[in-house]
Amino acid sequence: MRRLIAAIALCSASAAFAGAQKYEPLSASVQGALHKAVSDSRPTVTSFKNSMDAVDWLGEMSRRLEKRIPNREYRIDLLRSVHYEATRAGLDPQLVLGLMQVESGFRKYAVSSAGARGYMQVMPFWLKLIGRPEDSLFDLRTNLRYGCTILRHYLDIERGDLFRALGRYNGSLGKPEYPNMVRAAWQNQWGYEKPARLVQAGQ
């Protein structure tokens, strides 16, 4: 327990660009849809089109993430989870990686000054609003499920306007700094194109 508290305290100072989603009342239908999205307990299946796509994407992203997360087994598990949850929510997995980099620096136990938690810096009020109070936002898959669901919700509200959706996610709607940082991280550090051999093969 002491180690967990120490890790949280250490990471709190490092989540410099983490913000705080703002609480907004939701209609019953939206609240129900979001609750269903975060509560779906069906077994995880692969989100890759084929095994070669998985090998190439995981290999490339793992190489880029190695310095931040040295443990290979955990790194691959995180990347598989990011790809699955992002794809499930209709998001670009590389965008989610860029957001995680800016929000938490890939620190599992990061806590912002506003209380946002984990890799995607999810505010605790979401647990009562759309989830379950006992859910842990420091759990890898739980944090990614909530974070991707929330970002998808904001994109829907903003009719696909990523700039405004990211502003809502960070609690800085209308300000350019945060959306610009996420987009820069997404494009410059996590951008990805299929290897030519896969494109030529019609994959």
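Quick note: the coordinates plus some simple rules give every number you see, no bench work behind them. On a predicted model such as this, the values are computed, not experimentally measured, just so you know. Glycine gets a Cβ as well: all are built from the backbone with ideal geometry, and neighbour counts include every protein chain shown.
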ask   = Got the relative contact order for the stretch 70-203 handy, in percent, Cα pairs under 8 Å and 6 or more residues apart?
value = 23
V122 long-range amide H proximity, modeled H, under 5 Å = R117
request  = For the stretch 66-76, take each phi angle, set θ = phi - 60°, evaluate the Karplus expression 6.51 cos²θ - 1.76 cosθ + 1.60, and give the result in whole Hz per residue in order, putting x for glycine and proline.
outcome  = 4, 5, 7, 10, x, 5, 5, 4, 5, 4, 5
task = Count the net charge of all other residues whose Cβ sits under 12 Å from the Cβ of S136, scoring Lys and Arg as +1 and Asp and Glu as -1.
result = +2
message = What are the ³J(HN,Hα) couplings of the stretch 92-104, residue after residue, when phi is run through the Karplus curve with 6.51, -1.76, 1.60 and θ = phi - 60°? Round to Hz, x for glycine and proline.
response = 6, x, 5, 4, 5, 4, x, 5, 4, 4, 6, 6, 10
message = Taking the alpha-carbon distance from K36 and a cut-off under 24 Å, which lysines remain once sequence neighbours fewer than 8 residues away in the same chain are dropped?
response = K22, K128
ask   = Karplus couplings for the stretch 156-161 from phi (6.51 cos²θ - 1.76 cosθ + 1.60, θ = phi - 60°), rounded to Hz, Gly and Pro as x?
value = 5, 4, 8, 6, x, 7
query = Picking from Y169, Y146, Y154, which is most flexible by a Gaussian network model of the chain using Cα springs under 10 Å?
reply = Y154
task = Would you kindly calculate the mean projected area, averaged across all directions, of the convex hull enclosing the Cα atoms of the stretch 14-91, in square nanometres?
result = 7.5
note = Rounded to two decimals, the Rg over Rh value of the chain from Cα coordinates and the Kirkwood Rh reads 0.96
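Could you tally the net charge around T46, taking each other residue with its Cβ under 10 Å from the Cβ of T46, Lys/Arg +1 and Asp/Glu -1?
It works out to a net charge of +1.
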